[in-house]
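The values are calculated or read from the model by the stated rules, or taken from the named source; none is laboratory data. Just so it is clear, the structure is predicted and the values come from calculations on it, not from any experiment. Note that we place each Cβ from the backbone using ideal geometry, even for glycine, and neighbour counts take in every protein chain shown. Remember, those area values only see protein heavy atoms, side chains included, never the ligands or the DNA or RNA. Shrake-Rupley method; radii C 1.70, N 1.55, O 1.52, S 1.80 Å.
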Amino acid sequence: MFLICGAKSYTVTPTRLPPLVSERAREVADRPDPLIKYSQMVSADPYHPDTNKQGYIDLGLAENRLCQDITTEKLRSLDLTKEAESLLQYYPNLKGLPSFRHALAGFIERRFRPRGKIDPEKLIVASGTTALLDTLAFSLAEPGEYIMVPAPYYYRINNDLEDRAGVHVLEVPLSSKAGFELTVNSLEAALTLARRQSKKVRGMLLINPNNPLGDVYSESILIECLQFAFKHGLHVIVDEIYALSVFDESTKFCSILSLHMPDPQRVHFIWGVSKDLGLSGYRCGVLYTTNDQMLGFATRVGLFQLTPPLMQRRLEHVISDNDWLDKVYFPAYHTRLASVFTAACAKLAAMGVTVHPSKAGIFLWADFSPFLPEPTFAAEQRLFEYFIEARVYLMPGKKSYCPSPGWFRLVIASDKNRVLEGLHRIEQVLLSQPLKKLTSS
């Protein structure tokens, strides 16, 4: 390289430049997320019954749109002008606004029925359960260590634990032939194998109700999981983000907070407003733990993942209005959710598709394996691509770490007619594509 300075020229040999970003940044950026391109494609051309009938129908993204009319009316009714002005220049308590945490304590006591009173000082407010899982992984395990998760599970759990904290998921595969039932024997087997492989396991993560299965764990299996964790000195993280989305009237939800804990400082509860209340844009989740060291760490990093105080104040009013929640929102929500689930199951059954007997959640878990030309994940991916070509997007089971090919998750928390149109497109794929239906031997 030649540089000219005045009348003189110089030859400069550039030194080897360092990378533009760190190795850890490159590792995260390069980690494949095969669904990003599909979700971006779908969101860029969404279906509308009047203005874009050929647009994509999104049955893949787990957003709850069932009661947007009701929640929008509620939010518009809030007159928070003076309160908003007081929060414009405000760095809050990094655990969350004290008044909001007091409201959350009352909300949890009423909705989750814990064994004892909820201490607002043991609550941490953050920008969603993703942020809280990142915080928990960072504080409970070292990079390269493991947290057990029954599979299938919510596909971004790996990102939540690993992207920044470097903590790996230890999959606990559940058999489709056994109805994906969680047992302590499956946990014991996975832990034993991991230790033989010199893997350090620090905890387990349960999503209850389960995503993508829609199963609600019984009190007995939760107690067994607590005893298993206590026996092996493991932390237990329980994500109850779908706790208030139980649509089966005969099913009783049991929160981990309602149970006796052999080792309470190693039990951590999280919940958020995105699913049960359909407010994913508010970016708010809550952690409850009696582990003071965990609380200390979460408070120190609170500024990195803070829910804006204005959002906290608005949510405070929403979750404190028990009359609206009990008489307006939840009755309508559960009725609509049960109605669209029933209609979707009937439509799929008419196609010859078996649906897992879900009791909760905003989705259903359907078995398309009879329509695969061979029982492989490659065949599952081809079927997924046929659905995309028909302009309907749903989540293939492999992306949820399902041990068996052919299962798909369909989000149903939307307008029933939109969901049925999506199912119609799925039916056309099954009828028109060169799919060889497997015959039972």
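Figure the gain on full extension for Asp326 and Gln54 (residue separation times 0.36 nm, minus the Cα-Cα span) and round it to one decimal in nm. Display every interim value, and only then the final one.
Values: separation 272, 0.36 × 272 = 97.92 nm, distance 3.86 nm.
Separation in residues times 0.36 nm, less the Cα-Cα distance, equals 94.1 nm.
So for the chain, averaging the separation of alpha carbon pairs under 8 Å that are six or more residues apart and normalising by length, what relative contact order in percent results? Each step should come with its number before you reach the end.
Details: 735 pairs, mean separation 94.2, N = 441.
Averaging sequence separation for qualifying contacts and normalising by length gives 21 percent for the chain.
Just report the Cα centroid separation between region 88-126 and region 250-278, whole Å.
Centre-to-centre distance over Cα atoms comes out at 15 Å.
What is the extension gain from Arg110 to Ser39, computed as 0.36 nm multiplied by their sequence separation minus the C-alpha to C-alpha distance, in nm to one decimal?
Numbers: separation 71, 0.36 × 71 = 25.56 nm, distance 3.65 nm.
Contour length minus Cα-Cα distance gives 21.9 nm.
What longest region of the chain stays clear of trypsin sites (Lys or Arg not before Pro) that DSSP places outside H, G, I, E and B and that have at most 13 other Cβ atoms within 10 Å? Write out the running numbers ahead of the final one.
On the way: sites that count: Arg16, Lys53, Arg115, Lys117, Lys200, Lys252, Lys436, Lys437.
By the stated rule (loop sites, at most 13 other Cβ atoms within 10 Å), 253-435.
With a cut-off of 8 Å between alpha carbons and a minimum separation of six or more residues, what is the relative contact order of region 142-193 in percent? Intermediate values should be presented prior to the final figure.
Values: 58 pairs, mean separation 19.0, N = 52.
Here the relative contact order equals 37 percent.
Distance check, please: which entries in Lys252/Lys347; Lys122/Lys359; Lys74/Lys122; Lys117/Lys252 exceed 25 angstrom between their Cα atoms?
Violating the 25 Å limit, Cα to Cα: Lys252/Lys347; Lys122/Lys359; Lys74/Lys122.
Over every pair of different alpha-carbon atoms in region 273-365, take the mean of 1/r and invert it; report that Kirkwood radius in Å.
Values: mean 1/r = 0.0606 Å⁻¹.
Computed over Cα pairs of region 273-365, the Kirkwood hydrodynamic radius comes out at 16.5 Å.
Between region 304-381 and region 147-187, how many Å separate their Cα centres?
Region 304-381 and region 147-187 have Cα centres separated by 20 Å.
What's the percent breakdown of Cα-Cα distances in the chain across 20 Å bins, shortest bin first?
Spelled out per bin, shortest first, that is 23, 54, 19, 4, 0.
I want the local charge near Pro209. Using Cβ-Cβ distances under 15 Å, sum +1 for each Lys or Arg and -1 for each Asp or Glu among the other residues.
Working: positive: Arg111, Lys252, Lys275, Lys359, Arg409; negative: Glu181, Asp215, Glu219, Asp239, Glu240, Asp248, Glu249, Asp276.
For residues surrounding Pro209, the net value is -3.
Quick check: net charge around Tyr242, other residues with Cβ under 14 Å of its Cβ, Lys/Arg +1 and Asp/Glu -1? Before the final figure, lay out each step's value.
Working: positive: Arg111, Lys275, Lys359, Arg409; negative: Glu63, Asp215, Asp239, Glu240, Asp248, Asp276.
Residues near Tyr242 contribute -2 overall.
Rounded to the nearest 5, what % of the DSSP beta bridges within the chain are antiparallel ones?
On the way: 24 of 45 bridges.
Just about 55 percent of them are antiparallel.
How much of the accessible area of the chain, in percent, comes from carbon and sulfur atoms when a 1.4 Å probe is used? Working shown, then result.
Numbers: 11220 of 21370 Å².
The value for the chain is 52 percent carbon and sulfur by accessible area.
Tell me, what is the per residue accessible area of region 37-169 in Å², probe radius 1.4 Å? Mind dumping the intermediate values first?
On the way: 6580 Å² over 133 residues.
It amounts to 49 Å² per residue over region 37-169.
Measure off 7 Å from each Cα along the Cα-to-Cβ vector at Ala350 and Ile70, then give the distance between these two points in nanometres to one decimal.
2.7
What accessible area per residue comes out for region 196-317, rounded to a whole number of Å², with a 1.4 Å probe?
Working: 4800 Å² over 122 residues.
On a per-residue basis, 39 Å².
Once label points are set 7 Å from the Cα along Cα→Cβ at both Glu142 and Thr342, what is their separation, rounded to one decimal in nm?
5.5
Under a plain spin-label model, where a point goes 7 Å from the Cα along Cα-to-Cβ, how far apart in nm are Arg156 and Asn93?
In this crude label model, Arg156 to Asn93 measures out at 2.8 nm.
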